[in-house]
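Only the coordinates and a few stated rules stand behind these numbers; no lab work does. Quantities reported herein were computed from a predicted structural model and do not represent experimental measurements. Note that each Cβ is placed from the backbone with ideal geometry, even for glycine, and that neighbours are counted across all protein chains shown.
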Amino acid sequence: MEQPSAYGDPLAKYPDVMKPREVADVLRVEASTLVRWLGDNHIPGFQIGPKQEWRIWREELREYLHSQRNTPTISNDSSKSTKYT
């Protein structure tokens, strides 16, 4: 899988299994938002232990984020191009 070399690997310093707070820090959202996304199945994760605490596999998070990226399309059709002045 391609890594954004210009920005390094923002997940490299984290453990293989991440806590919601760690993922929230990476995504720059509140931990409560991240937990809600986990509960709504927007972010891949699993619950473990008697308290059913959320955990996220670092590689699954990486794959998920990669799948969510938009990819700009380049059209060779000049009639569809927009000129900015």
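A few remarks follow.
- Taking label positions 7 Å along the Cα-Cβ direction at both residue 28 and residue 68, the computed distance is 1.4 nm, reported to one decimal.
- Here each label is just a point 7 Å from Cα along the line to Cβ, and for residue 40 and residue 60 those points are 1.9 nm apart.
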